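This report concerns only the one structure given below.
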Amino acid sequence: MRDVLVPLEVDMALPPGGSTFYSTAGTSMGTGWSARLMLPPGADGAALTLALQRELDEIVAQMSHWEPDSLLSRYNHAPAGSWHALPLQFFEVADYALRVHEDSGGAYDPAGGQLVNLWGFGATRRYDQAGFYAPDAAAIGAVLAQRGASQPMLDRAARRLLQPGGALLDFSSVAKGYAVDCMARCLEQRSVRHYVVEAGGELRGAGAKASGEPWWVEIEGVPDADAATTQAVVALHGLAIATSGDYRRYFQHGARRAAHTLDPRSGYPVANGVASVTVLAPTCMAADALSTALTVLGPDDGLAFAEARGIAARFLVRAPGGLVDTTSSNWRALLQ
């Protein structure tokens, strides 16, 4: 079976006459990126590729927790009580991520870097390297206590961020989506209105192909799903999509699957049966962050959260008989 999702509002405008299909790709943020678009007459595809790569390089320079000289890394190692002026990109991500943190009751935490490192999903002491061992309850409790005492404070009027001491930002669940939005904005500023852009599996699209067909994208499935699980495709027309799944990075911790999505409230990997959450949203930053927040909240609280906020979300939940597919009403509204 296959579900087909189409936006409720569709702009029927076609690419300008003389437009040609153009495809380009590269690497950034430890993954690949790509763009498929209708190149307007007179536009330079090679120049567009360079512009897209520059956008992504700037995101890495500001928000990578792998690069020791990034703005994020410098903030993480800054002394207690220091204020940090933020460039617009960093501010937009920090602002949105902290709003989701508050709105989700702490189920989403952009300052959970210590917890990420403790479980081996950060830049050092990796879970897949020799010598790694899962943390014990005492170590987890110490990190939670320290995190509770170290709340980053965003001065939105002055566009600056306080380092309270020991706060570790980790934008892994939002920066990639934001980068996709920056790619889209880069194209639109250069009069490209018909495209689909992607980084590490997060996508955003607009407009249509020369034939008038939308940019169809297959929604990421769970690798160990059974044949009965419904597949889905979406027309990325003014939409972005992101998926959070327990199958991407994990290790076995006793009888449990310790996945890279951690619950900042308990300090442990999520264990609510959620195999994946896919979110459709106007921006990829929102889809990226919300798919993580909903994964942590779980199939019950997460679905209620999505319904209350009009979020189009799909949950695939592990059950004894296989995966259970649950969707929000906004997701069902897109089904054709």
- Query: Mean residue ellipticity at 222 nm from the helices of the chain, using -39,500 (n - 2.57) per DSSP H segment of n ≥ 4 over the full residue count, to the nearest 500 deg cm²/dmol?
  - Reply: -10000 deg cm²/dmol
- How high is the FRET efficiency from GLU92 to ASP226, r the C-beta distance, R0 45 Å, rounded to 0.05? 0.65
- Query: In the stretch 1-72, what GluC sites (Glu not before Pro) fall in a loop by DSSP, with at most 13 other Cβ atoms inside 10 Å?
  - Reply: GLU9
- Compare ALA139, ALA51, ALA157 in a GNM of the chain, Cα atoms joined below 10 Å, and give the one with the largest fluctuation. ALA157
- Where the convex hull is taken over the Cα atoms of the stretch 175-283, what is its projected area averaged over directions, in nm²? 8.7
- Message: Against the empirical 2.2 N^0.38 Å scaling, what ratio does the C-alpha Rg of the stretch 205-336 come to?
- Response: 1.08
- Task: Could you run the Debye sum over the Cα atoms of the stretch 105-254, one equal point scatterer each and no solvent, and tell me log10 of I(q)/I(0) at q = 0.12, 0.20 Å⁻¹, two decimals?
- Result: -0.76, -1.23
- Item | Distance in nm between pseudo-label sites at SER266 and ALA47 (7 Å out along the Cβ direction from Cα) | 5.4
- Ordering 200-211, 183-194, 234-245 by per-residue average of other C-beta atoms within 10 angstrom, highest first, gives 234-245, 200-211, 183-194
- Taking the stretch 273-336, the whole-percent share of alpha-carbon pairs separated by over 13 angstrom is 56
- Which of (i) 63, 61, 43; (ii) 64, 51, 40; (iii) 56, 53, 39 is the computed Cα extents along the principal axes in Å for the structure on display? (ii)
- With the full set of protein chains in place, find how many percent of the accessible area of the stretch 200-244 is carbon and sulfur; take the probe as 1.4 Å. 53
- Task: On a C-alpha basis, how far is the centre of the stretch 256-277 from the centre of the stretch 75-117 in Å? Whole number, if you could?
- Result: 20
- With each pseudo-label sitting 7 Å past Cα toward Cβ, what's the GLU307-ALA319 distance in nm, one decimal? 1.6
- Query: Where is the GNM fluctuation largest for the chain (alpha-carbon springs, 10 angstrom cutoff): ALA287, ALA179, ALA158?
  - Reply: ALA158
- Query: Whole-Hz Karplus ³J(HN,Hα) for the stretch 114-120, in order, using 6.51 cos²θ - 1.76 cosθ + 1.60 and θ = phi - 60°, x for Gly and Pro?
  - Reply: 5, 5, 4, 5, 4, 8, x
- Message: Using amide H atoms built in the peptide plane, which far-off residues or other-chain residues are under 5 Å from LEU239 H to H?
- Response: GLY205
- Message: Kirkwood hydrodynamic radius, the stretch 72-129, all distinct C-alpha pairs: what's the number in Å?
- Response: 13.1
- Message: Run the numbers for GLU58 and ASP103: contour at 0.36 nm per residue of separation, minus the present Cα-Cα distance, in nm.
- Response: 13.4 nm
- Item | Residues in the stretch 233-249 reached by a label modelled at ARG185 [backbone nitrogen below 16 Å; 7 Å Cα→Cβ] | 240
- Where the only charges are on Cβ atoms (+1 Lys, Arg; -1 Asp, Glu), what is the dipole of the chain about its Cα centre, to the nearest 20 debye? 280
- Item | Under the Karplus curve 6.51 cos²θ - 1.76 cosθ + 1.60, θ = phi - 60°, whole-Hz ³J(HN,Hα) for the stretch 53-69, x wherever Gly or Pro sits | 5, 5, 4, 5, 4, 5, 4, 4, 4, 8, 10, 6, 8, 8, 8, x, 9
- Amide H contacts under 5 Å for SER82, placed H, 5+ residues apart: GLN163
- Per 5 Å bin, what percent of the C-alpha pairs of the stretch 1-110 does each bin hold, from zero upward? 2, 9, 12, 13, 14, 15, 14, 10, 7, 3, 1, 0
- Message: What does the extension gain come out to for TYR247 and ALA149, with contour length at 0.36 nm per residue minus their alpha carbon separation?
- Response: 32.0 nm
- Query: Gaussian network model of the chain, Cα springs within a sub-10 Å range: biggest mean-square fluctuation belongs to which of ARG54, ARG309, ARG74?
  - Reply: ARG309
- Task: Rounded to whole Hz and in sequence order, give me ³J(HN,Hα) for the stretch 197-204 from the Karplus expression 6.51 cos²θ - 1.76 cosθ + 1.60, θ = phi - 60°, writing x for Gly and Pro.
- Result: 10, 8, 9, x, x, 8, 9, 8
- Relative to the Cα centre, what is the charge dipole magnitude of the stretch 1-95, using +1 at the beta carbon of each Lys and Arg, -1 at the beta carbon of each Asp and Glu, and rounding to the nearest 20 debye? 200
- Query: Principal axis lengths of the stretch 99-138 from Cα atoms, whole Å, largest first?
  - Reply: 38, 22, 11
- Query: Put a dot 7 Å past each Cα toward the Cβ at ARG74 and ALA142; how far apart are the dots in nm?
  - Reply: 3.0
- Using modelled backbone amide H atoms (1.01 Å from N, in-plane), which distant-in-sequence or interchain residues come within less than 5 Å of THR327's amide H? PHE315
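The values are calculated or read from the model by the stated rules, or taken from the named source; none is laboratory data. Bear in mind that the values here come from a model prediction, so they are computed numbers and not experimental data. Because the Cβ atoms are built from the backbone with ideal geometry, glycine has one as well, and the counts that use them run over all protein chains shown. Keep in mind that these areas ignore ligands, DNA and RNA; they rest on the heavy atoms of the full protein, side chains included. Shrake-Rupley method; radii C 1.70, N 1.55, O 1.52, S 1.80 Å.
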